[in-house]
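The values are calculated or read from the model by the stated rules, or taken from the named source; none is laboratory data. Note that this is a predicted model, so its numbers are computed, not measured. Reconstructed Cβ throughout: ideal geometry from the backbone, glycine too, with neighbour counts over all protein chains shown. Ligands, DNA and RNA are stripped out before the accessible areas are found, and what is left, the full protein with its side chains, is counted by its heavy atoms. Shrake-Rupley method; radii C 1.70, N 1.55, O 1.52, S 1.80 Å.
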Amino acid sequence: MTGVDVDPLIDPVFSDARRFGGFASAGGWTLGLMVARSIYRNEPVAGRISAKAFAEEAGCAVDRVVRHWAAWQDAARDGLVLDALTLVPGIDTDLPEGDLWSRYYAPPGASSDKGQRVMAEAEAIGASYKKALEITGHRPAMKAAIWGDDQTAEAAREALFSRPQERAATLARALTDPDTRKVAKAEQRRLDRLEYVRRVLQEQAAKSPAGQAVELSLSPDDLADERLDAIRDTCPEHDAVDNAYDYVQELLERAVRADPDLFVREQRARFARAFSATSKNIQAIDPDDLMAVADDSLVDSLTELQTKVNDLAATLRAVSLFHPRVIS
């Protein structure tokens, strides 16, 4: 070690090494042995102390000591180890393989209703119930894992939304926060636009703003545009999706303008929609309500609107005289 002769039988470093080897090879069995040969449970036993006294000396919870005792005794009933009361304090005995300990030792919280539910869910999906119970006791660490790792966050989302009652409660809590609603709205917009763009690229067709089916006939250069290439990732960012969506709209507008008949139908549908919306809004105004708030500014606005409508009507009449097909 350092050139100084030491006695490995008494040197604390060698003692620690031997104890480390015992823990490494036998795991929880070593701790179980310490408890099993040192405490009594019901009636006092000479040379032993109570679980409470053992826990106080060890600086741990009594429940932890009791769980180790129970695990040892369960293993004794299966013939893996000697009964605890036949052991001699301070004397070692043969221990089973370390990986067998988990069959008998119940982690903290396992006996509670919550623990039983966690263990049942872990068993159902083939997960480690020990890890699951451990996570329930370290919620800040669980939050850190969700915030820091995408796969952990996805697992959390899947767990929350896989059960209807959890999904409803989670959404209700989330949507009470204005920032969360804003983020959710933006994310839904991203997903809708991404689905739209990918469908357009697959079908090589789209609906115009007026609802007409338009064949796009995209060229290799169109398809190779960097704005479309950016959304081929599994989960493209908002900006990439918006850029791809705007590009598809440019392609759609180009296709509409390239077909004169289609362009005329598109314009007619757009104006008809605008006229219809304006008409409905005007017809929805109750004259009695309007009289209650009438002033000069409202009168001026209505007069300007009437003048604009009269001008548009005059233009359409003039056009219809020379090109009746246009508005037929």
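Just add up the charged neighbours of ARG48: K/R +1, D/E -1, any other residue whose Cβ is under 12 Å from the Cβ of ARG48. Once all neighbours under 12 Å are counted, the net charge is +1. Could you tell me what fraction of 2.2 N^0.38 Å the Cα radius of gyration of segment 141-206 comes to, as a two-decimal ratio? Dividing the Cα radius of gyration by 2.2 N^0.38 Å gives 1.44.
Less than 5 angstrom separates the built amide H of LEU216 from those of ALA205, ALA206, all sequence-distant by 5 or more or on a different chain.
How much of the accessible area of segment 197-313, probe 1.4 Å, is carbon plus sulfur, in whole percent?
Carbon and sulfur: 53 percent of the exposed surface of segment 197-313.
Between ASP286 and SER15, the distance separating the two model label sites (each 7 Å from Cα on the Cα→Cβ line) works out to 9.3 nm. Separation of segment 39-65 from segment 234-308 is 81 Å, based on Cα centroids. Pairs of Cα atoms nearer than 8 Å and 6+ residues apart set the relative contact order; for segment 192-328 it is 19 percent. Here is the list for segment 149-246: trypsin sites (Lys or Arg not before Pro) lying in DSSP coil, each with at most 11 other C-beta atoms within 10 angstrom of its C-beta, are ARG232. State which entries of LYS185/LYS207; LYS182/LYS207; LYS131/LYS182; LYS207/LYS308 exceed 26 angstrom in Cα-Cα distance in the structure shown. Over 26 Å Cα-Cα: LYS182/LYS207; LYS131/LYS182; LYS207/LYS308. Per residue of the chain, what 222 nm ellipticity follows from adding -39500 (n - 2.57) for every DSSP H run with n ≥ 4, rounded to the nearest 500? That calculation yields -21000 deg cm²/dmol at 222 nm.
Of all the C-alpha pairs in segment 254-328, what % are more than 14 Å from each other? Here the long-distance tail beyond 14 Å is 75 percent of all Cα pairs in segment 254-328. Amide H contacts of ILE49 (H built 1.01 Å from N, in plane; Pro and chain starts excluded): ILE39, TYR40 sit under 5 Å, all sequence-distant by 5 or more or on other chains. Stokes-Einstein, applied to the Kirkwood radius of the chain over Cα pairs at a viscosity of 0.890 mPa s and 25 °C, places its translational diffusion at 84 µm² s⁻¹.
Out of every Cα-Cα pair that segment 179-328 contains, those further apart than 25 angstrom amount to 55 percent.
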